[in-house]
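First up is the structure itself, then whatever we jot down about it.
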Amino acid sequence: MGATKNLAPKQRSIKCMCCQSSVSPSSTRVSSRAFEFIADVLVAARGRFYAVPGKGHELSVTVSTKTIADEIIVQAVYLGGVNILRSEDRDADVVDGPLRYRKLSPEELKHRLCAELVVPDRLLNLAFTPKSSADEEELLYPRYWTVRSA
């Protein structure tokens, strides 16, 4: 209670309630129900996600690469047979000038895809074509391109 000594009585009681409730055994049941509820609500927005967050669905993605001048370049990211890699600028029909790239390790690429696809790392199955690309130290990923759902 020493940390709450300088708080007003109302603030002190709220802080104490929060601390006590965060360790209660029933909170895990409430949390799982809350996550289920949130996942169900997100089903209505399923057009914005490739997989509904919170449902535990695995997502399989294939990263297609090509080698140009000893550089491994990410050409496409396939989900369900469809290339979902696109320019962040939705209005750009044609890319003006040469593409610019950022260097990413295969692990960094996986983390980026997880963030953009809103999928936990453990639920993203990532395959590379050709398979040897997964063993490379660096891949070139197009700058200002994304796999986020449009």
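Every number here is computed from the coordinates shown, using simple stated rules; none is lab data. Only a predicted model underlies this, so the values are computations on that prediction, with no experimental measurement involved. Backbone-built Cβ (ideal geometry, glycine too); neighbour counts: all protein chains shown.
For this structure, a couple of remarks:
- Rounded to the nearest whole Hz, the Karplus-based 3J(HN,Hα) values (6.51 cos²θ - 1.76 cosθ + 1.60, θ = phi - 60°) of the stretch 123-130 follow the sequence 9, 9, 9, 10, 10, 10, 10, x, with x at glycine and proline.
- Amide H within-cut-off set for residue 139, under 5 Å, with H built and near neighbours excluded: 104, 105
- By the beta-carbon count within 10 Å of each Cβ, the least crowded to most crowded order of 143, 102, fewest first, is 143, 102.
- Ranked 105, 149, criterion: other C-beta atoms within 10 Å, fewest first: 105, 149
- Estimated at 0.36 nm per residue, the fully extended path between residue 149 and residue 107 surpasses their Cα-Cα distance by 13.0 nm.
- Once the Cα-Cα distance is subtracted from the 0.36 nm per residue extended length, the residue 69 to residue 131 segment shows a gain of 20.5 nm.
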